[in-house]
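Down below is the structure, laid out as structure tokens.
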Amino acid sequence: MSAPYFEDYSEDWSYETQSTVVTDEDIAKFVDLHKFHTPTFTDMNYVKNSADYGARMAPGLFGLCIAEGLVMSEGLTRKRGIFLMELSPKFLKPVFAGDTLKNRVRMHSKKATSKPDRGVVVTAHEVVNQKGEVVISYLSTRMIRTQAYVEAPATAA
């Protein structure tokens, strides 16, 4: 799929990403990298003996990063996205090791800017697990290139 320009976003525009499996190892790496060192994320005995968990739970931001990673890996913003302006997540259900996630994206709104080569697009996202449950919902606001954008020619080094 080629990434949409600003003009390509219409009221009925939507996209569903491929799915990915959340692994225990991925959660452990994220937790360690970002210093989420609490028993909920690091102590497997605590997790296994708790009626609330039963499996390694991922931090909410891990799920959000996975969701945005799915958008990136599908190329939805490749050569069109100028920058991410805002995310407004709602964490609705926990994400656990072994869950399979996908991201359902639809156009929420868009607005032209004073520059003809860019506009602002707000997309609504639902991160869905293998049970069909929405675990995270969020709005993403991005500056997106219009078809008027002209790429500067490459210069020889």
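The values are calculated or read from the model by the stated rules, or taken from the named source; none is laboratory data. Because the structure is predicted, anything quoted here is derived from the model rather than measured. Ideal geometry is used to build each Cβ from the backbone, glycine not excepted, and the neighbour counts take in all protein chains shown.
Side notes on the structure shown:
- Test for Pro153: is it surrounded by fewer than 17 Cβ atoms within 10 Å (Cβ to Cβ), in a loop (DSSP other than H, G, I, E, B) and touching a Ser or Thr at 6+ places or on another chain (Cβ under 7 Å): no
- Residue check, Leu76 more than 25 Å from Thr40 (Cβ to Cβ), modelled with pLDDT under 95, surrounded by 14 or more Cβ atoms within 10 Å (Cβ to Cβ) and of a type in the set (A, V, I, L, M, F, W, C): yes
- One residue stands out in the stretch 119-157 among those that are basic (Lys, Arg) and touching a residue at least 12 places away in the same chain (Cβ under 8 Å): the one that is farthest from Gly60 (Cα to Cα), namely Arg145.
- If only residues of the stretch 111-148 that are touching a Ser or Thr at 6+ places or on another chain (Cβ under 7 Å) and polar (S, T, N, Q) are counted, the one that is surrounded by the most Cβ atoms within 10 Å (Cβ to Cβ) is Thr123.
- Checked against (1) touching a residue at least 12 places away in the same chain (Cβ under 8 Å); (2) more than 23 Å from Ala148 (Cβ to Cβ); (3) surrounded by fewer than 13 Cβ atoms within 10 Å (Cβ to Cβ), Lys35 meets all criteria but (1).
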